[in-house]
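The numbers here are math on the coordinates, done by the rules we state, and not lab data. Not measured: the values here are computed from a predicted model. FYI the Cβ positions are ideal-geometry reconstructions off the backbone, even for glycines, and counts take in every protein chain you see.
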Amino acid sequence: MGRIRTYLILILPVVVSLNIYSQDCSIVSKANDILPDRLCSPVGVVWEVIYRGVNDGGASVEIFFEWDDGDTDLVPAINSDPDPDIREWRATTTHTYIAEDNCNYHPLATLVVNGVECTSSEQEQIVTVWDDDNHNGGEVYIAPAVWPICFGNGDNVQFSDETIFNCVPPQENDVPNTDTRWIQWVYGTDITMTGAPVTINGSPQVYPYYGSVITLPGPVTGSGEVSEIMNVANDKLVGQYFEVTLRYWNFCNPYDDPNIAGPPADPVNGDHEPVTNTAIILIVAYPRVTIEDVPPLCTTSGDFNLTASPDGGTWSGTGIVDAQSGTFS
């Protein structure tokens, strides 16, 4: 009897040792399926990840999720098919993406066996997150942001819409946000100019004056629209300004929401709040300009460019053949 007991004592440690050390990162196959609930931020996703033929050896099996936005999750896997020929483990989890600077996120899932991360098991997905045109790569932009007019002068002013659309090429090529846009210029949203107000295309208006809502049918990647012409008289004072606002709607904040029957109940503001940016016409004092000295010239001298400080102005006078570059002939 004593011999038998000794034999069992010697065998048991060997069996236990095999159970402890037989697991590794070997797998037969892997698969995953990710399901976003929408395109516009916030985007919720459900991600199911599967590994088959996992050589766990009875140790813990987990799946490590890296969401590509700074968040991570370590989720216990479920042995959904313990058949020795299948050995399937899976985990399902959720995450919410809030638009920041990226249209695409590249989450990763990695098998973890007995606390060891199996780097060769990594699986990747792509999640696209759209937003309005003032976030996540988009920027409502009016050019120029400031239209200066020197004191004592009048001018005819026309701003350009140079908005960068959210998630369109080249920023996003796979799932581009090229659906219809709606824009609107609003004139005189803030005014400090005294005297007769600015006119629009020569006609006086009551401010703020709302221009028509302009539809940019999709697919569209840019605007190119311009404002009406604003006529500014020469009687305005230094520091006074006239503000213009550009309003924008897209798929994520549509002016005319296809899920709401009929046209917008509020024709001015639409079905959803627009995103905006502003620009101003500003009366400025004449700058102090210094023209660099010109060396002696001969009648046979060729054309040359005058230079001044500060730059950015226009040239005029006898001999000037290019008002922008200051070419003198």
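Observations on the structure shown:
- In the elastic network of the chain, a GNM with C-alpha springs shorter than 10 Å, the most mobile of 173, 259, 231 is 259.
- Value of [θ]222 nm, deg cm²/dmol, for the chain, DSSP H segments ≥ 4, -39500 (n - 2.57) each, nearest 500: -2000 deg cm²/dmol
- Formal net charge of residues neighbouring residue 80 (Cβ-Cβ distance under 12 Å; K, R +1; D, E -1): -1
- Full extension of the chain between residue 233 and residue 100 yields a length gain of 43.5 nm, computed as 0.36 nm times the residue separation minus the alpha carbon distance.
- The stretch between residue 276 and residue 301, if pulled fully straight at 0.36 nm per residue, gains 3.7 nm over its current Cα-Cα span.
- By the beta carbon rule, with partners counted only under 4.7 Å, the chain holds these lone Cys residues: 150, 298.
- Helix axis angle, 2-21 relative to the chain longest principal axis, alpha carbon, degrees: 10
- GNM result for the chain, Cα springs below 10 Å: residue of 312, 53, 152 fluctuating most strongly: 312
- Counted charge near residue 23, where neighbours are those whose Cβ lies closer than 15 Å (Asp, Glu -1; Lys, Arg +1): -3
- Region 225-329: trypsin sites (Lys or Arg not before Pro) in DSSP loop, at most 12 other beta carbons within 10 Å: 288
- Going from the residue with the fewest nearby Cβ atoms within 10 Å to the one with the most, 122, 172, 273 rank 273, 122, 172.
- Gain in span if fully extended, residue 160 to residue 288, counting 0.36 nm per residue against the direct Cα distance: 43.2 nm
- Against the set [x] 20.3, 62; [y] 21.8, 82; [z] 33.8, 128, the structure's computed Rg and Dmax of the Cα atoms in Å falls on [z].
- Most tightly packed first, judged by the mean number of other beta-carbon atoms within 10 Å of their residues, the peptides 201-212, 293-304 read 201-212, 293-304.
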